Amino acid sequence: MVTPPRPVLDEVLDALAAAHEELVVLTCGRIHRELASYAHVDASALAEAVGRNLRTALTALRTSRVPDPEELSDAAQTAHERFLADIPVEEIVRGFRISIALIHERFVDLAISQQLSAAQSVAGVRVMWGVADAFTTRIITEYHDLEIDSALHDAQRRMAVVRDLLAGVPRRGMLEPRTEYAAIRCAVPEGAPAEQMRRHLQRSGSLPEARAHVVTDGTSCFGIVAARPADPGAPVGLGPFGPPDQLPVSDRTAKDALHLAHDLGRDGVQSIEDLGWRLALAARPDVRRHYAQRLLDPIVDQGRFGAEVLAAVDAWIRSGQSIPRTAERLVVHPNTVRYRLRRFEALTGADLADPDDVTGARCAIELGSPDAPSL
């Protein structure tokens, strides 16, 4: 009985498989010549990865089927190995393209020498480039997932370190012992890019010799700065600068400053220098409540006229207690100012000739009641 001849495609693929070691050596050599980033990749690990590529291509050619990217666990393994070696994903893809190109070249050479039909040759080439596309897709997807996992892990680690520093727990090498630092707190506005704000605060809060450390949990940014940061487009509470062991005190002030900035409707960086006496009084809700009940509530009960009275008192205080300047500021007659000031005294029992009552009025008007909703 005569044995039927083996299909030409089988002979081509067997010859391709027999060239395994040669193709691995050629591919590794070309990758090292063309991709400098692979210089520190372990030679045996690279050879194993190239061998996996060849086996994947051969399997696809024998079955005439392009694998789904999810099936390519070899690609996922390669992405993981190169990620750990700090190889950019673009370089990983280039490395695979070099590998598949050499396999493709050898397949075409064998197809010609073995007189493989044109239809089978074209089909084989299409399968190989399908494998290349699937492999590339899986590498990029896997690498992206690894980047996200790494970023989350790194962010969590940095957040734990910053929380420790703000709590007074020393972290060797994180802060310069002779540099003064301050704590910052910033609430991220809804819809704003938290990571962009974090980078802005960290960059502008750093010095050449002392790096800031700012983290975000998505709704707020907080951390340690070595310089007053630039306005990120949202309220920022800035504590006082001091040695690293004073960061817990600075952080308490930063929290108070941020809370007060929200109450006052202020944007930008707010510190003791910006908020002054208001920051001290904001920490005493009982005092604020007293002034609000005595000097604010009776006027607010007057409705629109009460608002005009409060505006007159506020303008009078801001104008250095000058009737003419207040009238000019409000664009009213001086007698109107006098009348509204007298009504304030009559309704509240305050004496605007008494500096204590003037201070109380300023506190009530600017800070309001601690029980009132924030702006």
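The values are calculated or read from the model by the stated rules, or taken from the named source; none is laboratory data. Note that the structure is a prediction, hence the values are computed from the model and not measured. Every residue, glycine as well, gets a Cβ built from its backbone with ideal geometry; the counts of neighbours run over all protein chains shown. Note: accessible area is taken over every heavy atom of the protein model, side chains too, but ligands, DNA and RNA are not part of it. Shrake-Rupley method; radii C 1.70, N 1.55, O 1.52, S 1.80 Å.
Summary table below
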| quantity | calculated |
| --- | --- |
| Computed accessible area, residue 323, all protein chains, 1.4 angstrom probe, square angstrom | 30 |
| Stokes-Einstein D for segment 35-92, Kirkwood Rh over Cα pairs, 20 °C, 1.002 mPa s (µm²/s) | 173 |
| Percent accessible area from carbon and sulfur atoms, the chain, protein chains only, probe 1.4 Å | 53 |
| Kirkwood Rh and Cα Rg combined as Rg over Rh, evaluated for segment 193-244 | 0.94 |
| Contour excess over end-to-end distance, with Cα ends at residue 249 and residue 347 and 0.36 nm allotted per residue | 31.2 nm |
| Over the chain, relative contact order from alpha-carbon pairs under 8 Å, at least 6 apart, % | 11 |
| Solvent-accessible heavy-atom area per residue, rounded to whole Å², over segment 1-116 at 1.4 Å | 53 |
| Cysteines without a disulfide-compatible partner [the chain; Cβ-Cβ under 4.7 Å] | 28, 363 |
| Quotient of C-alpha Rg and 2.2 N^0.38 Å, computed over segment 251-352 | 1.23 |
| Å² per residue, accessible surface of segment 270-375 at 1.4 Å | 55 |
| Alpha carbon centroid spacing (whole Å) that separates segment 324-350 from segment 63-128 | 85 |
| Kyte-Doolittle mean at least -1.0 and Cα axial length at least 24 Å: DSSP H helices in the chain | 43-63, 89-113, 118-166, 247-264 |
| Contour excess over end-to-end distance, with Cα ends at residue 18 and residue 144 and 0.36 nm allotted per residue | 41.8 nm |
| Rg to Rh quotient for segment 231-277, alpha carbon positions, Kirkwood Rh | 0.98 |
| Convex hull of Cα atoms in the chain, direction-averaged projection (nm²) | 31.0 |
| Heavy atoms of residue 216: accessible area, 1.4 Å probe, square angstrom to 10 | 30 |
